[in-house]
1. Run down R18, R13, R38, R78 and say which single residue is charged (D, E, K, R) and surrounded by 14 or more Cβ atoms within 10 Å (Cβ to Cβ).
2. Among the residues of region 52-63, count how many are part of a loop (DSSP other than H, G, I, E, B) and under 19 Å from R30 (Cβ atoms).
3. Show the residue pairs meeting these rules: Cβ distance below 8 Å; 6+ apart or different chains; first residue within region 80-97 and over 19 Å from L20 (Cβ atoms); second residue assigned to a loop (DSSP other than H, G, I, E, B).
4. Answer yes or no: is there a residue in region 47-69 that is among the acidic types (D, E) and either within 23 Å of A16 (Cβ to Cβ) or buried (at least 19 other Cβ atoms within 10 Å of the Cβ) (or both).
5. Filter region 21-35 down to residues that are within 20 Å of P70 (Cβ to Cβ) and aliphatic (A, V, I, L, M) and give me whichever is surrounded by the most Cβ atoms within 10 Å (Cβ to Cβ).
6. Looking at region 58-77, can you tell me whether even one residue there is within 18 Å of D33 (Cβ to Cβ) and touching a Lys or Arg at 6+ places or on another chain (Cβ under 7 Å)?
7. Can you tell me how many residues within region 28-51 are outside any helix (DSSP H, G or I) and not hydrophobic (A, V, I, L, M, F, W, C)?
8. Being of a type in the set (A, V, I, L, M) and in a loop (DSSP other than H, G, I, E, B) is the filter; apply it to region 79-104 and report the residue that is modelled with the lowest pLDDT.
Amino acid sequence: MFVRLSPNPEEQRIDAIRQLPLEPMEYCHRWVDIDPARGYRKACIKALAQATGLSPHTIKDWGSNFDRRPHYIPFLLRQADLLNQFKQLVINQQIILPPNFPVN
């Protein structure tokens, strides 16, 4: 097993970002691509449900700006955000998954 004692600056940057919370509204601004005047809240709730694994009904109970969300949610959303960014890099062929990348 290879262990690097000091991570490079890019690794440090990613590790620092992983620790930052991402509030539900920020997550929606990043990943919900619908006009805010037309069904935005419903699409936002759906995106938050997919990212968290919670039911849309539960998310609706967080309030109009999702300010009554559980304390762990911003950290979970940061992880989902990083995975979404990774997925976009793969889709845009900026990175290639290795042949042994897990399928399931």
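The values are calculated or read from the model by the stated rules, or taken from the named source; none is laboratory data. Everything quoted here is computed from the prediction, not taken from an experiment. Cβ coordinates were reconstructed from backbone atoms using ideal geometry, including for glycine residues, and neighbour counts include every protein chain displayed.
1. Working: R18 fails: surrounded by 14 or more Cβ atoms within 10 Å (Cβ to Cβ); R13 fails: surrounded by 14 or more Cβ atoms within 10 Å (Cβ to Cβ); R38 fails: surrounded by 14 or more Cβ atoms within 10 Å (Cβ to Cβ).
Of R18, R13, R38, R78, the one residue that is charged (D, E, K, R) and surrounded by 14 or more Cβ atoms within 10 Å (Cβ to Cβ) is R78.
2. Initial filter on region 52-63 (part of a loop (DSSP other than H, G, I, E, B)): 53-55, 61-63.
Narrowing further to those that are under 19 Å from R30 (Cβ atoms): 53-54, 62.
So the answer is 3.
3. Within 8 Å, the pairs are L89/I95; V90/I96; V90/L97.
4. First pass over region 47-69, keeping only residues among the acidic types (D, E): 61, 67.
Now restrict to residues that are either within 23 Å of A16 (Cβ to Cβ) or buried (at least 19 other Cβ atoms within 10 Å of the Cβ) (or both): none.
No - not one qualifying residue is present in region 47-69.
5. Only one residue tops the list, namely L22.
6. Start the filter on region 58-77 by keeping residues that are within 18 Å of D33 (Cβ to Cβ), which leaves 77.
Filter once more, so that each one left must be touching a Lys or Arg at 6+ places or on another chain (Cβ under 7 Å): none.
No, region 58-77 contains no residue that is within 18 Å of D33 (Cβ to Cβ) and touching a Lys or Arg at 6+ places or on another chain (Cβ under 7 Å).
7. Applying the first criterion (outside any helix (DSSP H, G or I)) to region 28-51 yields 32-39.
Next cut, not hydrophobic (A, V, I, L, M, F, W, C) only: 33, 35-36, 38-39.
So the answer is 5.
8. First, the residues of region 79-104 that are of a type in the set (A, V, I, L, M): 80, 82-83, 89-91, 95-97, 103.
Pick out the ones that are also in a loop (DSSP other than H, G, I, E, B) and you get 95-97, 103.
Numbers: I95: 91, I96: 91, L97: 90, V103: 83.
Residue satisfying both the conditions and the ranking: V103.
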